[in-house]
Amino acid sequence: MTRTFLSRLLPSGKRGYITHLSSTIHTLAMPEYSGYAISKLAITKLGEHVAAEYPNVISTVLHPGMVSTDMTVPKFVYFSQDTRK
């Protein structure tokens, strides 16, 4: 998707914005999460490289915070719940 976006934007010389969604799990070393963590690190680095290589593109990487899913480690469930009540 990023490649398609850039290939259409660059010939026109226009400015553009691209946002990647990632996670901060790549900052942790946890058993059985290496593949997922590395994929999130790759997204983060992709966003950084796009920003460095394409000056007409504003590239951001969002880490939306923890969301409770089937993958959530039990000790982190508390942090993934909405505590606004």
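Restricted to segment 7-45, and to residues that are under 25 Å from PRO55 (Cα atoms) and touching a Lys or Arg at 6+ places or on another chain (Cβ under 7 Å), which residue is modelled with the lowest pLDDT?
SER23
Looking at segment 9-17, can you tell me whether even one residue there is in a helix (DSSP H, G or I), surrounded by 10 or more Cβ atoms within 10 Å (Cβ to Cβ) and out of contact with any Pro (no Cβ under 6 Å at 6 or more places or on another chain)?
yes
So HIS20 clears everything in (1) over 16 Å from the mean Cα position of the chain (by Cα); (2) not in a helix (DSSP H, G or I) except one condition, right? Which one?
(1)
Quick check on my filter: what residues within segment 43-74 are of a type in the set (Gly, Ala, Ser) and loosely packed, with under 12 Cβ neighbours inside 10 Å? Walk me through how you get there before you give the answer.
Taking segment 43-74 first, the residues of a type in the set (Gly, Ala, Ser) are 47, 51-52, 59, 65, 68.
Hits for segment 43-74 are ALA52, GLY65.
Could you run through segment 53-81 and say how many residues are touching a residue at least 40 places away in the same chain (Cβ under 8 Å), outside any loop (DSSP other than H, G, I, E, B), under 19 Å from ALA37 (Cα atoms) and β-branched (Val, Ile, Thr)?
Final tally of qualifying residues: 2.
Anything in segment 23-49 that is among the aromatic types (Phe, Trp, Tyr) and either touching a strand residue (DSSP E or B) at 6+ places or on another chain (Cβ under 9 Å) or assigned to a helix (DSSP H, G or I) (or both)? List them, or say none.
Selection gives TYR36 alone.
Out of the residues in segment 33-42 that are closer than 24 Å to PRO74 by Cβ and touching a helix residue (DSSP H, G or I) at 6+ places or on another chain (Cβ under 9 Å), which is surrounded by the fewest Cβ atoms within 10 Å (Cβ to Cβ)?
ILE38
The values are calculated or read from the model by the stated rules, or taken from the named source; none is laboratory data. Note that this is a predicted model, so its numbers are computed, not measured. Quick reminder, even Gly has a Cβ in these numbers, built from the backbone with ideal geometry, and neighbours come from all protein chains shown.
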